[in-house]
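What follows draws every value from the coordinates through simple rules; no lab data is involved. Source: prediction; values computed, not measured. Virtual Cβ from ideal backbone geometry, glycine too; neighbours counted across all protein chains shown.
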Amino acid sequence: MRILTAGESHGEYESVIIEGFPKGVKINLGLINSELKRRMSGFGRGKRMAIENDTASIVSGIRAGESLGSPITILVKNKDAKIFSQKNDKLSKLTVPRPSHADLTGALKYGDIDVRNMLERSSARETVARVCAGSICKQFLKTFDVAIASFTVGVGSVCDNTKPKNVSDIIRMTKKSLINCLDKKREKIMVEEIKTAEKNKDTLGGISEIWLENVPFGIGSFMHYDRRLDAKLAGYLMGIPAVKGVEIGLGFDYARQFGSKAHDSIYYSKSAERGFYRKTNNSGGIEGGMSNGEVIVARIAMKPIATLPRPLESVDLKNNKPHSAIVERSDTCAIVACGVIAESMAAIAVVESFLEKFGCDSLEEITDNYKSYLLRARNLS
């Protein structure tokens, strides 16, 4: 499966093409739009979310609500469109790059003094297309009872150490949360932290945790480094704008513990669905580059939004003289949206490895292969 996104932040559309998606999967457009709405949510979002009303249009690859096996194309129209492919937009050049954005490096790379041509494509607005693709992948995984959810672990210096039992727990506990947090008391402190940042014309990042439940064992491979599921998952999560760190399972805490305390012992029971199981999940559901049947747990660290209402120092590319960075409309904190996007990227990563394992032509073929694989594994001895 391959996914290609296209579109500029203020172009006419954001779009995605999904090639290699199997035939016969029921696709609900309403679920895609529901995910787009989630992406727009969360306390701390900016004025752009009040302008847009993201709605997906599927223009190929689906017939009567079922995938055809041909490339799926999805379009999302930008209401706040300002640049066009075949006519002049009369927008002035932006020549002062924003620190921590793609502006300056992109300008140097492409030899273009107008950083608008960098910021339009590098904008996180592009993740609209990824969420559409992620929703398609989530709907495929749901046919195999794989569930995905995320929750906010921290905003700025405020952390919540609450641990859910399962994905259903996450969905239930975050249902009415402004910040997708499990603990209502910590949520209030996080909201106040965001309010303080907004008052000070500053921004905040945060930490989000993603859970994938019921992923079958053996997805991914130890044979080649680029097919390791943890490597793919980490790479896709790092591909989200503003994400600067990824952990799987214990992550960096592994380095602080003895092996006798850190690793997950293996047990077997005939009554257990898979036979083999673990009482702990420090590995985050991935061992040797493969899913081990436990819940896959990943965390992402999102840096503070780089576009500041009170701009940092920069340089005007027209004359290389000091100048305050340009100010584009932005968010104060977008950790909720980042979690939703992370769910989508995790779903895409798992589906790619899933199709490598079980085939990719049709849902019927994949289901047959999946069932026979599980049956054989249970009778391993």
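About the Cα centre of the chain, how large is the charge dipole given +1 on each Lys and Arg Cβ and -1 on each Asp and Glu Cβ? Please answer in debye to the nearest 20.
740 debye
Using a Debye calculation, one point per C-alpha and no hydration shell, please list log10 I(q)/I(0) for region 316-381 at q = 0.18, 0.28 Å⁻¹ in order.
-0.85, -1.14
Mind running the shape call on region 220-316? Use the C-alpha gyration tensor, a ≥ b ≥ c as the square roots of the eigenvalues: rounded below 1.5 for a/c, prolate if a/b tops b/c, oblate otherwise.
On the way: a/c = 3.02, a/b = 2.35, b/c = 1.29.
Cα axes put region 220-316 in the prolate bin.
Are there chymotrypsin sites (Phe, Trp or Tyr not before Pro) in region 240-338 that DSSP puts in a loop and that have at most 16 other Cβ atoms within 10 Å, and which ones? List each step's numbers first, then the result.
Details: sites: 252, 254, 258, 267, 268, 276, 277; in loops: 258.
In loop regions of region 240-338 (DSSP not H, G, I, E or B), the sparsely surrounded chymotrypsin sites (Phe, Trp or Tyr not before Pro) are 258.
Give me the net charge for the shell around residue 289: Cβ to Cβ below 11 angstrom, other residues only, Lys and Arg +1, Asp and Glu -1. Could you put the intermediate results ahead of the total?
Values: positive: 227, 228, 232; negative: 226, 230, 287.
Overall, the nearby charge balance is 0.
In terms of the Cα gyration tensor, with a ≥ b ≥ c the square roots of its eigenvalues, is region 78-235 rounded because a/c is under 1.5, prolate because a/b exceeds b/c, or oblate?
Verdict is oblate for region 78-235.
Could you give the nm distance between label points at residue 26 and residue 263, where each point is 7 Å from its Cα heading toward the beta carbon?
It works out to 4.4 nm between the two label points.
What length, rounded to one decimal in nm, is gained on full extension from residue 6 through to residue 70, with 0.36 nm per residue of separation minus their alpha-carbon distance?
Taking 0.36 nm per residue and subtracting the Cα distance, the gain is 21.2 nm.
Need one number: % antiparallel among DSSP beta bridges in the chain, to the nearest 5.
Percentage antiparallel, nearest 5: 95.
What is the extension gain from residue 365 to residue 185, computed as 0.36 nm multiplied by their sequence separation minus the C-alpha to C-alpha distance, in nm to one decimal?
Extra length available between residue 365 and residue 185 comes to 60.0 nm.
Is the C-alpha gyration tensor of region 122-177 telling us rounded, prolate or oblate? Criteria: a/c under 1.5 is rounded; beyond that, a/b larger than b/c is prolate, otherwise oblate.
oblate
As an exercise, find the ratio Rg/Rh for region 1-116 from alpha-carbon atoms, using the Kirkwood inverse-distance average for Rh.
Details: Rg = 17.5 Å, Rh = 16.7 Å.
Reported Rg/Rh (Cα atoms, Kirkwood Rh): 1.04.
Please compute the net charge surrounding residue 118, taking Lys and Arg as +1 and Asp and Glu as -1 over other residues with Cβ under 13 Å from its Cβ. Walk me through the numbers before you get to the answer.
On the way: positive: 93, 98, 109, 116, 121; negative: 8, 103, 112, 114, 120, 126, 328.
Computed value for this residue: -2.
DSSP loop (so not H, G, I, E, B), at most 12 other Cβ within 10 Å: list which GluC sites (Glu not before Pro) in region 275-321 pass both filters.
none
Consider a paramagnetic label point 7 Å from the Cα of residue 19 along Cα→Cβ; state which residues of region 208-225 have an amide N under 14 Å from it.
Hits in region 208-225 for residue 19 at 14 Å: none.
With both bridge residues required to lie in region 146-274, what share of the DSSP beta bridges run antiparallel, to the nearest 5%?
Working: 10 of 11 bridges.
Roughly 90 percent of the beta bridges in region 146-274 run antiparallel, per DSSP.
Compare 219, 300, 113 in a GNM of the chain, Cα atoms joined below 10 Å, and give the one with the largest fluctuation.
Maximum fluctuation in the GNM of the chain, among the listed residues, is at 113.
With each label point set 7 Å from Cα along the Cα-Cβ vector, what nm distance links residue 82 and residue 60?
Going from the residue 82 label point to the residue 60 one covers 3.1 nm.
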